[in-house]
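Take a look at the structure set out below.
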Amino acid sequence: MAILTYTGRRLLMLIPVLLGISLAAFLLGRIAPGDPVDEALFRIGVEFPTEEDRAEMRAQLGLDRPLPAQYLDWVGRALRGDLGRSYVGNRDIARELMTRLPITLEVSLAALAAAVVFGVGGGVLMAAFHGTWVDTVLKALSTLLLSVPGFWLALFLITVFAEQLHLLPTSGLDRGLASLVLPAVALSAANVGSTSRFTRGNILAQLGEQYIVAANAKGLSQKAVMLGHAFRNSLVPIITLIGNYFGGILGGSTIIENIFAIPGLGSYVLSAIQNRDYPVIQGYVLVTGATFVLITLAIDLLYLAVNPKIRIQGGES
Amino acid sequence: MNKRLGTLLLSAACALSLALSGCGGDAASTPPPVSGTDPAAAQTPQAQPDQTREIAFAASRDQCPGEQDAYYASMSLGVWEPLVTKNEDGTPAPALAERWEHNEDATVWTFHLREGVTFSNGAPFDADIVLANFERMKKGPFDSSFYGLNIDTIYPGLLSCEKTDDFTVVLTLAEGQPLLDYTMVNYGSAMFEPSCFAGDGSFAGFPIGTGPYMVKENVLGQYCVIERNDAYWGTPGIAQTFRFKVIPDTETRYAALRAGEVQGLCDLGAISPAQAAELEGDSAYRVSVGDSGITHFLNVNGGAFPFDDLRMREGLSLLLDRQTIIDRFYNGYGLAAGGFLSYTSAFYAEQPVRYDPEQGAALIRQAVGDQPVELLFLLPNGDVNRYPYQEEAEYIQALLENIEGTNIKVQIRLMDWGPCKDEMKAGNYNMCLKIQGLPSANPFSLFRNFMHTEGSTNLNYGLGYHNDHVDALIEEAAVCLDARRLGEIYAELQAISAEDFPNLPVLYSQEVVASSSAITGYQADVYGLTGYTQVCWAQ
């Protein structure tokens, strides 16, 4: 019951958060420099607009109305699932975002999975082989992954694995799982580096605790001590860290999607930013913001599963 | 133990890589076995290879932007055809209209349509089709990633569109338009079978045109597939199927070509000059250079010191070694520009390209003396990503800062185009590199907007250009009904621009495309009517 109350309270808290996101999304679009009117005119064949042309288009796009009226109108329609039509291309934004969201989520989840498997796995390996050459090599590798910019790594991976070795495709999504490998690696590299170092540190800290001495004294195997005790108790901060990465991965996918020609949310918003396509930018911030908030909620609920203290206190901890 | 672990990890990584590489098929790299005969291919000497295999191209944007685009597909795909196209010299040429004439005051234009033309769905092309297309145009303007379709700018003052027989259409205009056929070139007179239009004038499904290819598949943002129209009224294409992938990043597009995933790179900015230079020495690839309507301008703030002084503008123009800029920064892909209008325009009048650094420096010394001068050089981010503007700007910066006897400092600032334009309009800049294309085969709007005192670009770019004689010439051109006199006016405006410098033309761009030697017949020909009909497998 306590868990249900906790979950309900967290869901209620989403309302002001989402309203805040919607306001930020709206204002970001409006305070960004540049004017979408010229681009909209250019695309209908008016390359050299007069002030009258601009005024007419501004009215047509609804940009001549006061900001609060524009915001309320937008929020009202967004609540009904209508995010309007893009200035460029006149497409239904909600439909476009919903088509692209699964693609971005697929890439982001693949990157997150890589961060979890290689980051946590690498961290456990480093802790298990603490002080040996394995630890030294993996530490150096994780530092390297942390230092290399994602876009550079993406181009490097394309050159090696696609252009030279012909093992993986350069771009697109038409080769199934193989298409996801390079984007996921490029997107997760820095997170793999930081997760592995964080996991290593956490496990080593746990290994110095008294309950580990007790477990060893009981005659448990090294594997059981490491995985059953030290690793499990270091999981909560690791889950928090990985949860926070998801926001970074969603944002980072903008550049990676562009490089790998992935038709997800990132490449869509990049083109919208270039064209000052406000409604698309607003829709993107709203959708990704809501997605991130929901993922954070899911991670909070995951704590309940892994941390008995939180479970006992019904999430009050 | 440790050694074994390392070996295991390495083996696992390799195995995973190999397993994943086999997860999907690649039509281009694993072509289907040779089978069947190809009627078009059988007639051509290049046809021995199996032309039913799909040829893949990559471009930075959708070649089929879809139902909401005014044309659905790029003209170069050969899905649709216009009434009027253009010759190599930029003058209007027959396409679906065989010939045309107009009355003395150019208010009534009569178009005689080509007979025996059918659409890809078998419907005949005739005057009723043209009328239906004009009815559709009236529902616009329509948005496009190529050229916006706006009946008011293409057919200004159109009063009526009527047929006098099944293959003759008459357009009546409120005011004379002696260069109407120039504005109708290509995108200005695209023809579609009306059943493919939705009620609001957009497309309801794939477009149906009279061209040599048909759209078979389209996934927005990913790829589109076109297939040969075997019932084409003209010379059919050779290859049966083309796939056009969307790869926005230049480096990735280049890698896709090198990896053999695509056989060619197409559309604007297909390949960077540096990449093209790299491929030119490799027999596995072909680089083709073609004409482009784009001119690179150095826009200057003529409304403020020091560029309000003609000596400063002329001095800087004389100081620029345009050929060095082209050779060093554009790998030789470009032509030195002396005049305002692109060399691809039918109204182009060649202007001398003058390079005299000593005279240039002397003029600038006269204009600014030894007083400290700080110049702000703006570079739009989007253009910096596409062109070597940073290097070009640094070269110009070095030229200006090293003029003996002057004290000029140049600050280069990168900005998004939106705020950059705001700064230019407010006059808060001195120089800005920017491209300008040819929006229409009729250059009137270019002259009016850049060179007239009240021209929108003159005002919005803060050029501050004013010349009473130029204003008079442009106002005369606006009402002139004599095409020959218009040609004279445009030539005079170009001559004036080369002496008065409303802005400084630097170079005329050239289109550079690349293809693998596995295919042949691919030439840089932006929006040309032949499109991909000559492109086929070479091996």
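At-a-glance table
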read-out: Heavy atoms of B:HIS469: accessible area, 1.4 Å probe, square angstrom to 10; value: 90
read-out: Lysines whose Cα lies under 17 Å from that of B:LYS86, excluding same-chain neighbours fewer than 8 positions away; value: none
read-out: All-pairs alpha carbon distance profile, segment A:1-99, 5 Å steps from 0, percent; value: 2, 10, 15, 19, 18, 12, 8, 5, 4, 3, 2, 1, 0, 0
read-out: Prolate/oblate/rounded label for segment B:332-405 (Cα gyration tensor, a/c 1.5); value: oblate
read-out: Dipole in debye (nearest 20) - segment B:181-258, about Cα centre, beta carbon charges: Lys, Arg +1; Asp, Glu -1; value: 340
read-out: Normalised contact order of chain A, rounded percent, pairs of Cα under 8 Å and 6 or more residues apart; value: 27
read-out: B:TRP100 - accessible surface, heavy atoms, 1.4 Å probe, Å² rounded to 10; value: 50
read-out: Ellipticity estimate at 222 nm from DSSP helix runs (n ≥ 4, -39,500 (n - 2.57)) divided over chain B, nearest 500; value: -8500 deg cm²/dmol
read-out: Cut-off 13 Å between beta-carbons: net charge of the residues surrounding A:ALA69, Lys and Arg +1, Asp and Glu -1; value: +1
read-out: Volume of the Cα convex hull of segment B:63-184, divided per residue and given in Å³; value: 112
read-out: Residue-level accessible surface for B:GLU251, protein heavy atoms, 1.4 Å, Å²; value: 90
read-out: Partners for A:LYS139 among lysines (Cα-Cα distance below 26 Å; same-chain residues under 8 apart left out); value: A:LYS223, B:LYS3
read-out: Residues of segment A:164-241: accessible area per residue with a 1.4 Å probe, Å²; value: 45
read-out: Hydrodynamic radius of segment B:391-539 per Kirkwood, over alpha carbon pairs, in Å; value: 19.0
read-out: Tensor-based shape of chain B (alpha-carbon gyration tensor, a/c under 1.5 rounded, otherwise prolate or oblate); value: oblate
read-out: Partner lysines for B:LYS138 [C-alpha distance under 24 Å; skip if fewer than 8 residues away on the same chain]; value: B:LYS163
read-out: Crossing angle, helix A:67-79 versus chain A [Cα axis fit, 0-90 degrees, rounded to tens]; value: 60
read-out: Listed residues B:TYR355, B:TYR330, A:TYR245 arranged by accessible area, highest first, probe 1.4 Å; value: B:TYR355, A:TYR245, B:TYR330
read-out: Debye log10 I(q)/I(0) at q = 0.15, 0.16, 0.17 Å⁻¹ for segment A:192-317, Cα point scatterers; value: -0.83, -0.88, -0.94
read-out: Interface area, A with B, accessible, probe 1.4 Å, both sides summed, Å² nearest 100; value: 3800
read-out: Segment A:82-226, relative contact order in percent, only Cα pairs under 8 angstrom and at least six apart counted; value: 31
read-out: Complex-versus-alone comparison for segment B:222-261, residues with a loss of 30 Å² or more in accessible area, probe 1.4 Å; value: B:GLN222, B:PRO248, B:ASP249, B:THR252, B:ALA255, B:ARG258, B:ALA259, B:GLU261
read-out: Residue-normalised accessible area of chain B, expressed per residue, 1.4 Å probe, Å²; value: 39
read-out: Relative counts (whole %) of C-alpha pair distances in segment B:240-359, using bins that are 10 Å wide; value: 11, 31, 28, 19, 9, 2, 0
read-out: Three-way shape call for chain A based on the alpha-carbon gyration tensor, with the a/c threshold at 1.5; value: oblate
read-out: Residues whose placed amide H lies under 5 Å from that of B:GLN351, excluding near-sequence neighbours; value: B:GLY338, B:GLY339
read-out: Average partner coverage of B:136-145, which counts Cβ from other chains inside 10 Å; value: 3
read-out: Spread of Cα-to-Cα distances over 10 Å intervals beginning at zero, given as percent, for the protein assembly as shown; value: 2, 11, 18, 22, 20, 14, 8, 4, 2, 0, 0
read-out: Percent accessible area from carbon and sulfur atoms, the protein assembly as shown, protein chains only, probe 1.4 Å; value: 57
read-out: Fluctuation leader among A:LEU304, A:LEU165, A:LEU180 - chain A, Gaussian network, Cα springs under 10 angstrom; value: A:LEU165
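The values are calculated or read from the model by the stated rules, or taken from the named source; none is laboratory data. Worth saying up front: this structure is predicted, and the values here are computed from it rather than measured. Heads up, the Cβs are rebuilt from the backbone with ideal geometry, glycines too, and the neighbour counts pull from every protein chain shown. What goes into the accessible areas is simple: the full protein's heavy atoms, side chains included, and nothing from ligands, DNA or RNA. Shrake-Rupley method; radii C 1.70, N 1.55, O 1.52, S 1.80 Å.
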